[in-house]
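Single-structure report; data block below.
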Amino acid sequence: MKLKGIQIVTFEQIEFGKLIGLDLAGLSVGVAAARIQDEISKRFWGETELGSPSEKQIELARKFGFDIVEQGRRVGSAIIDDIMYHLNMEAIQSEKLVPGVKVRRKGEHKEEYVISSIREDGTVFFKGGNGKKAWSRNLERVST
């Protein structure tokens, strides 16, 4: 599955990767950065164990068509971050989330909030919420 809205590496970033023997073409910036960090860990620091994604991460990635079983923890987490970002952007679009819109957390049918602002990563802040916030993927618009 192609994730919408995910920033893909630039030509310059691909060329940088080649300098250290990595093919970064077509990767998201987050996954490319994780692969670079893994190379630094292995080749500069001599680490041999990069950890593994959790079973929960593997299962979630699989639902979106990604096999991260053989990936290190860093790369697996970067792929999950991309999936979460995609879900946030999809929710903003499908629920038409903008400042001033009334929402509630999915699964909750009592407390309603009015959106104050939405950060670029999909974090939604609420008016009068004293810092209350939620990921856009966890909200639904309240019909008015």
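The values are calculated or read from the model by the stated rules, or taken from the named source; none is laboratory data. Predicted model only: the values in this text are computed from it and were never measured. A quick note on method: Cβ atoms are made from the backbone with ideal geometry, for glycine too, and the neighbour counts reach across all protein chains shown.
One residue stands out among those in the stretch 43-66 that are over 26 Å from PHE16 (Cβ atoms) and acidic (Asp, Glu): the one that is surrounded by the most Cβ atoms within 10 Å (Cβ to Cβ), which is GLU59.
The residue pairs whose first member lies in the stretch 59-86 and is in contact (Cβ under 8 Å) with a residue 40 or more places away in the chain, whose second member is surrounded by fewer than 16 Cβ atoms within 10 Å (Cβ to Cβ) and among the aromatic types (Phe, Trp, Tyr), and whose beta carbons are closer than 7 Å, counting only pairs six or more residues apart or on different chains, are ILE83/PHE64. The residues of the stretch 1-42 that are surrounded by 14 or more Cβ atoms within 10 Å (Cβ to Cβ) and among the small types (Gly, Ala, Ser), listed by number, are GLY17, SER28, GLY30, ALA32, ALA33, ALA34, SER41. Only one entry in GLU15, GLU55, GLU39, GLU47 is more than 18 Å from ASP82 (Cβ to Cβ) and either touching a Ser or Thr at 6+ places or on another chain (Cβ under 8 Å) or not assigned by TED's automatic domain parsing to the domain that holds ILE79 (or both), namely GLU47. With respect to the numbered conditions (1) modelled with pLDDT of 95 or more; (2) over 21 Å from VAL9 (Cβ atoms), which one is the sole condition not fulfilled by TYR85? Evaluating TYR85 over (1) modelled with pLDDT of 95 or more; (2) over 21 Å from VAL9 (Cβ atoms) leaves (2) as the failure.
The listed residues are SER41, SER77, and the only one of them that is modelled with pLDDT of 95 or more, assigned to a helix (DSSP H, G or I), of a type in the set (S, T, N, Q) and closer than 23 Å to ARG119 by Cβ turns out to be SER77.
Note on the stretch 111-144: residues that are exposed (fewer than 14 other Cβ atoms within 10 Å of the Cβ) and of a type in the set (D, E, K, R) total 7.
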